[in-house]
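Report on the structure given below.
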Amino acid sequence: MASTYTPLGIEKQATGENAGTWGTKTNTNLEIVEQAIGGTASQAVSDSGDTTLSVSDGSTGASLAHRVIEFTGTLTASRNVTIPLDVQQLYLLKNGTSGSQNVVFKYVSGTGTSATVANGKTILAYAKADDDTNPNIVSVEFGGDVVDDTSPQLGGDLDVNGNDIVSTSNADIDIIPNGTGDVVLAADTVKVGDSGAAATLTSNGAGALTVTTGGAADLILNTNSGTNAGTVTLTDAANGDITIAPNGTGRTKVTNASPGTSSTQVVTTDGKGIVFSMVFGY
């Protein structure tokens, strides 16, 4: 009676067979088992059609018989990688191809479910061999390498853990909400600038820049976090005042170059809101 083989190529020796080579064949079987438990293989994926995985009975090295398979190659479209109908195995599959295309892991025929491995992603796939004609593959996706993912999405809040979000080569960092969405900075204090340099708040384009409060509250402008600083207060109310309050003995000045001169016009008050002098430079 001749040997038979499992779907992963393990040789099932018949009684009394392989005298003198039984030990070697057993060692090969154990190596195949080891591959299936924790082995890693790299599998090139064809860009011209399906890539069919198979085993060579009684031999090691087949990608199909490894626990972890990383797909490689350059793809111009989504491609299939197929396995025989009788394979029952748990796989860890990574799509390491270039070209931003999916790899579909499926049985060679039938209408059973398949597993799609998105570019740069890793999935856990179980080939169930639960039907002779239409077996199914079930899967769950793990996070892939962000650098390979052209549209990464968060499954929860992003915790920077004390680090910064930075760019390279003087590139901007754009935060672009969808449609009419807003950028919400949910903090009591928002700081602009890079420590030592002056900061500028400007509109992104030719549109007007509006600074306003989100509710019934005053808008207050000051310097140095309000320490030893004057304030400009836009009061929130119908007919609300605009209050310009200098610090200490400071004055409120309105300056503008006079026509035909480089001199300065100054409007000052006596602290009670009454203009008492205007100085014109001619």
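The values are calculated or read from the model by the stated rules, or taken from the named source; none is laboratory data. If you're wondering where the values come from, they're calculated on a predicted model, not measured in any experiment. No Cβ is skipped: glycine too gets one built from the backbone with ideal geometry, and neighbour counts run over all protein chains shown.
Here are the numbers for the structure shown:
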| read-out | value |
| --- | --- |
| Residue 31, sole failed condition from (1) surrounded by 14 or more Cβ atoms within 10 Å (Cβ to Cβ); (2) within 27 Å of the chain's Cα centre (by Cα) | (2) |
| Considering residues of segment 216-231 that are at negative phi and assigned to a loop (DSSP other than H, G, I, E, B) only, the residue surrounded by the most Cβ atoms within 10 Å (Cβ to Cβ) | 230 |
| Hits in segment 222-239 - residues which are in contact (Cβ under 8 Å) with a residue 12 or more places away in the chain and not charged (D, E, K, R) | 228, 229, 230, 231, 232, 233, 234, 235 |
| Given (1) closer than 30 Å to residue 71 by Cβ; (2) at pLDDT below 85, number of the condition residue 196 does not satisfy | (1) |
| Among (1) of a type in the set (A, V, I, L, M); (2) at pLDDT 95 or above; (3) within 30 Å of residue 12 (Cβ to Cβ) - the single one residue 62 does not satisfy | (2) |
| Any chance residue 37 is surrounded by 17 or more Cβ atoms within 10 Å (Cβ to Cβ) and not aromatic (Phe, Trp, Tyr) | no |
| From 127, 171, residue being of a type in the set (Gly, Ala, Ser), in contact with a strand residue (DSSP E or B) (Cβ under 6 Å, 6 or more places away or on another chain) and at pLDDT 90 or above | 127 |
| Segment 1-16, residues that are of a type in the set (D, E, K, R) and surrounded by 14 or more Cβ atoms within 10 Å (Cβ to Cβ) | 11 |
